[in-house]
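Input: a single structure, listed below in structure tokens.
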Amino acid sequence: MLGPRDLVLCSGTMLWAPFEDMLLAASAGGFRGLTLWPHDYQRAHESGLSDAEMRHMLDDHGIEIADLDPLLSWIPGEEIPERNGEIVFASEEDFYAIADALGGSSLNLAQGFGQGTPLDILAEAFAGVCDRAADHGLKVTLEYLPWSSVPDARTALEVVDRANRANGKVLVDTWHHFRGSGDPEQLRALPGEKIGSTQISDAPSKPAEDLSDETMAARLLPGEGDIPLVEWLRILDENGLQVPIGVEVFSRELDRLPPVEVGRLAGESARRLLAEARGRRPDGLR
């Protein structure tokens, strides 16, 4: 089982890499976990890989599947597009099929296209997913997005608390936190046991004119921007963080590099950051 001293390479950091290249990148960067988007699984099958072959490849590289990301179609009555460019948005059942085939620690939920949804409706819908996901051995994490009905950590925690499910957690994404409230006190108020996943990246202090484009294509590797990542990681550790550190850097610049180089750069940047935050040598983190 992955823990807070492990690193997870998030699929968004190599958004279009083949499954084999994702594993090579994760190994090159010293990652023990990998997140998957549904299109990663779909394209692996289209390339001729079976579930058994994918499991064997994961075992060979010593990699576990961590988050399955992102489920957007979980709020009743909310219309979700079938795709965004080349990204196809999967159903809840699709995610469970991936979990049953390859494993996974958690299913990540976000409200990507709506806003103004009452908290009681969000909590009821979240609780329903938690109950169904439990049958597949999954936690369920709620990611807060600045433009959504769950814009910050405080609101995400309230939804999770109202849902009152043991496998319901909050996902902390440093980019969204920074472009949202940016409030470290909201992180201090997050008990470690309520945090189900983390995704770290960096950003300049001034947001881009097109926030949507910056979100999906212009993030920075940890340590290359102005997010107070060291402070925030120390807060999460002080709160009793129990989950690994995920690195999610959507970036056109990284997309131009070979996936193995992306994995190496992502792992090195995360280790430097964690060494500073935790007072360890950069190679002291597995």
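No value in this document is a laboratory result; all are computed from the given coordinates. None of these values were measured; they are calculated from a predicted model. Neighbour counts run over all protein chains shown; Cβ positions are idealised from the backbone, glycine included.
Ranking PRO18, ALA275, TRP147 by Cα position along the charge dipole of the chain, where only Lys, Arg, Asp and Glu carry charges on their C-beta atoms, puts ALA275 farthest toward the positive end.
The local environment of PRO146, defined by Cβ-Cβ distances under 13 Å, has a net charge of -3 under the rule Lys, Arg +1 and Asp, Glu -1.
The label-point distance for ARG154 and ILE121, in a model that sets each label 7 Å from Cα toward Cβ, rounds to 2.3 nm. Placing unit charges on the Cβ atoms only, positive for Lys and Arg and negative for Asp and Glu, gives the chain a dipole magnitude near 980 debye about its Cα centre. Across the chain, Cα pairs under 8 Å and at least six residues apart give a relative contact order of 23 percent. Considering only ASN239, PRO38, PHE89, the residue lying farthest towards the positive end of the dipole of the chain is ASN239, judged by Cα position with unit charges set on Cβ.
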